[in-house]
Structures are given as C-alpha cells and as structure tokens.
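Everything below concerns the one structure shown next.
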Amino acid sequence: MKKVDEHISDILESVAVLPARRLPLAAAHGCALATDVRATIALPSFDNSAMDGYAVRAADVEQASPDAPVRLPVTGEIAAGAALPDLVAPGTAVRIMTGAPFPPGADTVIQLEWTDGGTETVAVHQPARRGLHIRRAGEDVTPGSLVLRAGSVLGSTQIGLLAAINVARPPVRPRPRVAVLSTGSELVAVGNAVGPGQIVDSNSHAVAAAAREAGCEVRRLTDVPDDPAQFEAALRAILPEVDAVVTTGGVSVGAHDVVKEVLAATGEVRFERIAMQPGQPQGFGVIDGVAVFTLPGNPVSALVSFELFVRPALRRMRGLTGPDRPRPVVTVAERFTSPPAKRSFLRVLVGRGADGGLVAHSAGGQGSHHLSAAAGANALLVVPEDVTVVEPGDQLTAILLAADPADDLLAGLAVDAVPASAVASLEANV
Ligand code: AMP
Ligand code: MG
C-alpha cells in the first residue's frame, strides 16, 4: 500500500500555481499576491494636517500660555480636499482641518483644543514645537518602494493599502474553481423525500463547504447516478470550466463503482490504496490540465481525504505557502486502537487539560460513516503506521481543524508546533 506522505507529494508535484490575474479588490480579498507590489505614489501624498486646528508659525506662539494667550488674525480656512493652499503670512493663522493640505509659510498645527476656536481671530493657549501634527508626504510610503511582497495574502489591511496607493486590480492568484461531483444511485438531494434504500447526499455539501473553506469557488454537480456514461458525460462537460474536480463515491471494489470504472479504463486517474484509515481507496489524476480527485464515498472518509490531499493541492494552486493547520503534540486522554501498517486519523476534541496542556478526547464513534462524531471533533489525531494501541497519556500529533476553538487553543502554543518551513515562509511574507 502507498504511504500517505507519498500520495501527498505525488499530488503536490502534479498541481501548479494558477496563472496570475488582475482582479478588483473585492475579488482579490483573501488571495495571494502574484507579484511584488511597488507604490507609484507617496503616502501621504502631500503634507497635511493631523488635527483640526490652526496652521501657524511656531515662533509666533512661543510665548502663549493659558494666562496670556497669543492672539492671531485668522486669514482663511483650508478644508480636506482643498487644492494647494496660499502662503500663511507671519503673525497670522489659518484654520485647517484634518487631512487638509498643509500651507506653505506655516510650520506647525495648533490643535483646536489649545485655542478658543475663533474664526476672525484666534487665541492660542499653548506653544507648539515646529512640525507638530503635520503628516509629511512620503512618511508612510515613498514612491517606488516595495509595499507588499508576492505571496502576501490580501486581508483587509492589505486591501486598504492597495486602494490607498491607487491599485484597483492587483495581480493575484485567483480562487480555484472547483466542481464537486457526488455519485451514487442511492442519493437523494437534501430536502426531498427519502425512499427505501435511499440516503440524502451529504458529501456534495460537505466537500463543497470544505472547498469554500479552502478559498475556492465551488460548483456542486448532483444527480449523477451510478451509470458510467452519465458520469463520464457530467465530468467531461465540467472540465473546461474548472481548475479541479472532486468526486465522492464509486472508487472501491463494488459492482457499481463507476468513477473507478470509467477513469481507470481511460488511464487518466490512478487508483491506489493508501495506507490510512479512514480513506483507503483514493484516485488522483490530471485531465486536460484539471486536477481530478476521486475520494471515497463514506462521509468521514471523504472529508478526511479532502483535508489531507485536496486542501494542500488547492492551497498550492492559490499560491499559499504559509502554515495551514496547526499541528501541536497533544496528550491522549483515552485508549484507541489503530490497524497495523496504516496511519489513522481519529476524530477528537482537543482542549486544555488541568495542567494547561493540550488533551485529546475521542469525539465519538470512529467509523467512517460516523458523521456526527466527526462534526463534534475539532482535530484529527494522527496515529502513526507502527502504532496499533494508543494508551491514555501517550503523546501524538493532532491536526487542528476548527477555526474558532483552534484559535483559542493556539494561545500560548509552543512555536515549534508550527513547522519550521512554515515559519520561514511566514517571515518571508512580513
Ligand atoms: P461508495 O464509495 O460509493 O461505495 O460509498 C461508500 C458509502 O458512502 C456508501 O454507504 C454510500 O452510500 C455512502 N455515500 C456515497 N456517496 C455519498 C454521499 N454523496 N453522501 C452521503 N453518503 C454517501
Ligand atoms: Mg457508491
């Protein structure tokens, strides 16, 4: 049987980063930058006031105090959005608003609170050093400077920065377009009457959600019965429109395992038995440049294999190189068994123990059809191939899945819980 790691590396070698595209900011949100971005303008782009107040010369208000305010005639007002302001003559003041261009002649801003707020003349109660409350052109960003590196993920702050430097369509790695196709003549679309022997199709929804969580645009194709011709037609029709296809079901050794029947015959997908539980039967291939993952049909097997094989491939397509799931070492609270020569991924709930360390409890039934237990888990406990019995107190690696509880668990997590390679790429993105 093929090792899990070997399967992962085979897949990663076969998928490429998606070609860069210039996308509007909203669509680029969450994507990785495809190239370095340099500013073409300065930020601030002109000297401006950081306060509502008065532009004056510091020398003119040197003697100001609350008891003996300095009075200056107010000769004008500069609002935000005003064009180049006039010179401020010695011994005068100009009202100025936050963000308004700072006028020549003046050299400091007296904030409104240090004055009487006058409009004809102003009484200044405090002196100010030269340059106070002036935001200088280029003090944040200079023209030509590198503001964001290739690979940076565009969160809200990065989107704001791009907008500020007037980049409307940054070059990014687009979200992969993923088709999810679940097969099985027993399947009924959710919300419909379920007849004898039928079950509700949950995989297409679960896998579509997992693909969206992995940052993809997803199309769900359903109503694909266990019929080779219909399956093949559905698959071929969608290929030109997507970057990846994920199927569930029909890959084991049953009589109507159409996915395997069709794609093994064409030789476009390699079907293999992976030394793991759940998720042993796996298929992967690249058809017309589209990555095709054929996952097993049992709901937990499908989700675990998505996590292990599909998610890293999608992240590679997205150009994401930083760390993904935290993988801390946890203390196991219960006894588990694991088949020999297979890596098990047990559904567990990781929390803080009495001593503050991370402890993993079983989330419930460990069958590959036990979806409710999986839904109560926040981590996969990784039991190595050479371990068949796990005893309470044993230390094993867990893959933390759930975002919110994981965030909480991350507080104080040892840094070496994140792979060194991941830290390196994180730093490269600073
Ligand atoms: P298969 O891999 O097609 O042999 O399916 C394995 C098991 O998973 C069977 O019990 C199927 O009924 C179940 N299964 C397959 N596809 C789905 C699906 N889309 N939703 C829920 N269960 C499924
Ligand atoms: Mg089936």
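The values are calculated or read from the model by the stated rules, or taken from the named source; none is laboratory data. Values in this document were obtained by computation on a predicted structure and should not be read as measured data. Cβ placement follows ideal geometry from the backbone for every residue including glycine, while neighbour counts extend to all protein chains displayed. Only protein heavy atoms, including side chains, enter the accessible area calculation; ligands, DNA and RNA are left aside. Shrake-Rupley method; radii C 1.70, N 1.55, O 1.52, S 1.80 Å.
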C-alpha long axis of helix 4-14 to longest principal axis of the chain, angle in ° = 60 degrees
Surface per residue (accessible, 1.4 Å probe) for the stretch 329-410, Å² | 45 Å²
Scoring only Lys, Arg, Asp and Glu (+1, +1, -1, -1) among other residues with Cβ under 12 Å from the Cβ of Val262 yields -4
For the chain, shape from the Cα gyration tensor axes a ≥ b ≥ c, cut at a/c of 1.5 then a/b versus b/c, turns out prolate
Signed unit charges on C-beta, dipole axis of the stretch 170-297, positive-most listed residue Ser204, Gly184, Pro171 | Pro171
Springs between alpha-carbon atoms under 10 Å, Gaussian network over the chain: tell me which of His133, His205, His369 tops the mean-square fluctuations.
-> His133
About the Cα centre of the chain, how large is the charge dipole given +1 on each Lys and Arg Cβ and -1 on each Asp and Glu Cβ? Please answer in debye to the nearest 20.
-> 620 debye
Local electrostatic count, Pro340, Cβ distance below 15 Å [Lys/Arg +1, Asp/Glu -1] = +2
For the chain, with all protein chains present and a 1.4 Å probe, just round the carbon and sulfur fraction of the accessible area to a whole percent.
-> 53 percent
Hey, how many Å between the Cα centroid of the stretch 313-377 and the Cα centroid of the stretch 211-267?
-> 28 Å
What dipole magnitude, in Debye to the nearest 20, does the stretch 329-410 give about its Cα centre under +1 on Lys/Arg Cβ and -1 on Asp/Glu Cβ?
-> 240 debye
Within-9-Å neighbourhood charge of Arg130 [Cβ basis; K, R +1; D, E -1] | +1
Listed peptides 309-320, 173-184 by packing density, highest first (mean Cβ within 10 Å) | 173-184, 309-320
Solvent exposure of the stretch 48-135 as accessible area per residue, Å², 1.4 Å probe | 49 Å²
Rounded to 5, the percent of DSSP beta bridges in the chain classed as antiparallel | 65 percent
To the nearest 0.05, how large is the calculated FRET efficiency for Glu139 and Ala80 if R₀ is 22 Å and r is the Cβ-Cβ distance?
-> 0.75
Debye, to nearest 20: dipole size of the stretch 7-132, +1 on Lys, Arg Cβ, -1 on Asp, Glu Cβ | 300 debye
Which of Arg335, Arg129, Arg22 moves the most in a Gaussian network model of the chain with Cα springs under 10 Å?
-> Arg129
So what is the 222 nm mean residue ellipticity for the chain from helices alone, if each DSSP H run of at least 4 adds -39500 (n - 2.57) and you divide by all residues, rounding to the nearest 500 deg cm²/dmol?
-> -6000 deg cm²/dmol
